[in-house]
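*Asks:* I'd like to ask you about the structure that follows.
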Amino acid sequence: MRTIAILNQKGGSGKTTTSVNLAATLAEAGQRVLLIDLDPQGSASLWYGFKEKGKGLFDVLTEDVGVEHAIEATGIEGLSFIPSSSVLAGVEKALASEVASESILKNKFHQIKDKPWDFLLIDCPPTLGVLSLNALTIANEVLIPVEAHVMALHGLVQLLKTISIVKQRLNPSLEIAGILPCRVDLRTKHSQEVLDQLRARFEGKVYQSIIRENIRLAEAPLHLKPINLYDTHCHGSHDYRQLAKEILSKPA
Ligand SMILES: Nc1ncnc2c1ncn2[C@@H]1O[C@H](COP(=O)(O)OP(=O)(O)OP(=O)(O)O)[C@@H](O)[C@H]1O
Ligand SMILES: [Mg+2]
């Protein structure tokens with residue numbers, strides 16, 4: 001099973017859009033995927049039409065509740081989901097005195113003997129607190145979506161440093177799967193320049209796939225569908241299928 005944390009502490013960089021649509025295009029390609037919404041904002045959960053009910057993942061992280069109790073079907077073949085809940089915002093406080101709170105999720109998954117998934121994808125919140133640390137401790141790979149805008153590059157060096165510290169201290173098997181340029185507008189010189197800079201500065205770490213700016217991706221959550229089911233022929237569908245293909249062609 002490949003476990004990919006989708007992470008960038010910068011807000012609005014395309015984490016949720018990537019989690020939701022990569023999960024769906026991997027499932028479309030025949031993979032069995034479990035998507036976890038680890039963000040108290042619950043954007044991925046809303047996208048798939050999950051309404052808040054009970055504490056779900058919060059109980060898994062803070063009580064003696066197995067992770068299998070939090071798994072829901074999506075109605076899409078090959079794709080299961082663990083929804084978020086707003087109480088997750090209080091998890092930091094609830095786990096303040098807990099020893100090794102960053103490895104709770106990893107331990108909970110360890111208890112599932114036969115894991116029926118090819119991919120575990122985790123949509124992280126835009127903070128590097130205990131939730132993101134749980135994602136980085138269970139993951140083997142980190143996918144970093146970045147908005148193709150020069151301001152977005154600034155936080156990237158720091159983020160890569162943080163990931164390398166987590167690798168040293170908590171999870172030696174953690175690797176950067178790739179930096180994913182999102183919201184790329186190929187009509188503007190600025191977008192193209194940022195893309196060139198990304199590829200020059202983070203050589204070998206940037207995916208070949210890019211996600212273009214596409215209004216259909218912004219509309220899809222209102223229709224409660226991933227992009228490939230909302231508009232199968234749009235740029236967004238093409239780009240996320242391409243990313244799924246690239247990820248499948250490069251095993252962890
Ligand atoms: N390729 C794209 N084309 C058009 N709009 C996009 C694209 N990618 C993301 N967006 C829009 O940008 C906004 C931020 O995207 P998204 O929610 O995926 O970011 P995020 O990193 O998950 O944000 P947060 O840090 O708040 O969790 C959303 O309104 C989304 O619809
Ligand atoms: Mg998000």
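The values are calculated or read from the model by the stated rules, or taken from the named source; none is laboratory data. Quantities reported herein were computed from a predicted structural model and do not represent experimental measurements. As a convention, Cβ positions derive from the backbone with ideal geometry for all residues, glycine included, and neighbour counts pool all protein chains shown.
*Asks:* Quick check: is even one residue across region 58-75 surrounded by fewer than 23 Cβ atoms within 10 Å (Cβ to Cβ), away from ligand 2 (no atom under 16 Å from the Cβ) and among the aromatic types (Phe, Trp, Tyr)?
*Replies:* Taking region 58-75 first, the residues surrounded by fewer than 23 Cβ atoms within 10 Å (Cβ to Cβ) are 58-60, 62-75.
Filter once more, so that each one left must be away from ligand 2 (no atom under 16 Å from the Cβ): 58-60, 62-75.
Cutting the leftovers down to among the aromatic types (Phe, Trp, Tyr) gives us 58.
Checking region 58-75: at least one residue is surrounded by fewer than 23 Cβ atoms within 10 Å (Cβ to Cβ), away from ligand 2 (no atom under 16 Å from the Cβ) and among the aromatic types (Phe, Trp, Tyr).
*Asks:* Does residue 66 meet the test of being more than 16 Å from ligand 1 (Cβ to nearest atom) and over 26 Å from residue 171 (Cβ atoms)? Explain how you work it out, then say what you get.
*Replies:* Numbers: more than 16 Å from ligand 1 (Cβ to nearest atom): yes; over 26 Å from residue 171 (Cβ atoms): no.
For residue 66, the condition - more than 16 Å from ligand 1 (Cβ to nearest atom) and over 26 Å from residue 171 (Cβ atoms) - is not met.
*Asks:* Note down all Cβ pairs under 7 Å where the first residue falls in region 14-26 and is touching a residue at least 24 places away in the same chain (Cβ under 8 Å), the second is more than 9 Å from ligand 2 (Cβ to nearest atom) and of a type in the set (D, E, K, R), and they're at least six residues apart or on different chains.
*Replies:* 14/147; 14/183; 25/241
*Asks:* Working only within region 160-186, note down all residues that are under 15 Å from the mean Cα position of the chain (by Cα) and within 16 Å of ligand 2 (Cβ to nearest atom).
*Replies:* 180, 182
*Asks:* Those residues that are closer than 16 Å to residue 212 by Cα and either surrounded by 21 or more Cβ atoms within 10 Å (Cβ to Cβ) or within 16 Å of ligand 2 (Cβ to nearest atom) (or both), I need them from region 135-151; list them, please.
*Replies:* Across region 135-151, the qualifying residues are 144, 145, 146, 147, 148.
*Asks:* With respect to the numbered conditions (1) more than 16 Å from ligand 2 (Cβ to nearest atom); (2) at pLDDT below 95; (3) farther than 17 Å from residue 165 by Cβ; (4) of a type outside the set (Phe, Trp, Tyr), which one is the sole condition not fulfilled by residue 89?
*Replies:* With (1) more than 16 Å from ligand 2 (Cβ to nearest atom); (2) at pLDDT below 95; (3) farther than 17 Å from residue 165 by Cβ; (4) of a type outside the set (Phe, Trp, Tyr) applied to residue 89, the lone miss is (1).
*Asks:* A further question on this structure: Check region 122-129 and report whether any residue there is over 13 Å from the mean Cα position of the chain (by Cα) and among the acidic types (Asp, Glu).
*Replies:* no
*Asks:* Of (1) within 14 Å of ligand 2 (Cβ to nearest atom); (2) within 27 Å of residue 233 (Cβ to Cβ), residue 40 satisfies all except one. Which?
*Replies:* Unmet condition: (2).
*Asks:* Test of understanding: among 77, 98, 68, 102, which residue is among the acidic types (Asp, Glu) and closer than 19 Å to residue 123 by Cβ?
*Replies:* None of the other options fit; the residue is 102.
*Asks:* Within region 229-238, restricting attention to residues that are in contact with a helix residue (DSSP H, G or I) (Cβ under 6 Å, 6 or more places away or on another chain) and under 18 Å from residue 43 (Cβ atoms), which residue is surrounded by the fewest Cβ atoms within 10 Å (Cβ to Cβ)?
*Replies:* Initially, region 229-238 is screened for residues in contact with a helix residue (DSSP H, G or I) (Cβ under 6 Å, 6 or more places away or on another chain), giving 230-231, 234, 236-237.
Checking which are under 18 Å from residue 43 (Cβ atoms) leaves us with 230, 236.
Numbers: 230: 20, 236: 25.
By that ranking, first place goes to 230.
*Asks:* Restricting the search to region 11-40, which residues are part of a loop (DSSP other than H, G, I, E, B) and either crowded, with 22+ Cβ neighbours inside 10 Å or out of contact with any Pro (no Cβ under 7 Å at 6 or more places or on another chain) (or both)?
*Replies:* Of the residues in region 11-40, the ones part of a loop (DSSP other than H, G, I, E, B) are 11-14, 29-32, 38-40.
The answer is 12, 13, 14, 29, 30, 31, 38, 39.
*Asks:* Same structure, new question: Looking only at region 1-37, filter to residues that are of a type in the set (D, E, K, R) and more than 21 Å from residue 128 (Cβ to Cβ); which one of those is farthest from ligand 2 (Cβ to nearest atom)? Show your work before the answer.
*Replies:* Step one: list which residues in region 1-37 are of a type in the set (D, E, K, R), which gives 2, 10, 15, 28, 32, 37.
Applying the additional criterion that residues be more than 21 Å from residue 128 (Cβ to Cβ) yields 2, 28, 32.
Details: 2: 21, 28: 22, 32: 23 Å.
Once the filter is applied, the top-ranked residue is 32.
*Asks:* So the check is Cβ under 8 Å with 6+ separation or different chains; which pairs have a first residue in region 233-250 that's over 14 Å from residue 218 (Cα atoms) and a second one that's acidic (Asp, Glu) and at pLDDT 95 or above?
*Replies:* Once the first residue is over 14 Å from residue 218 (Cα atoms) and sits in region 233-250, its partners that are acidic (Asp, Glu) and at pLDDT 95 or above give 241/28; 244/28.
*Asks:* Turning to a different aspect of this structure: Looking at 44, 5, which is the one that is within 16 Å of ligand 1 (Cβ to nearest atom), outside any helix (DSSP H, G or I) and modelled with pLDDT of 95 or more? Let's see the steps before the verdict.
*Replies:* On the way: 44 fails: outside any helix (DSSP H, G or I).
That would be 5, the only listed residue that is within 16 Å of ligand 1 (Cβ to nearest atom), outside any helix (DSSP H, G or I) and modelled with pLDDT of 95 or more.
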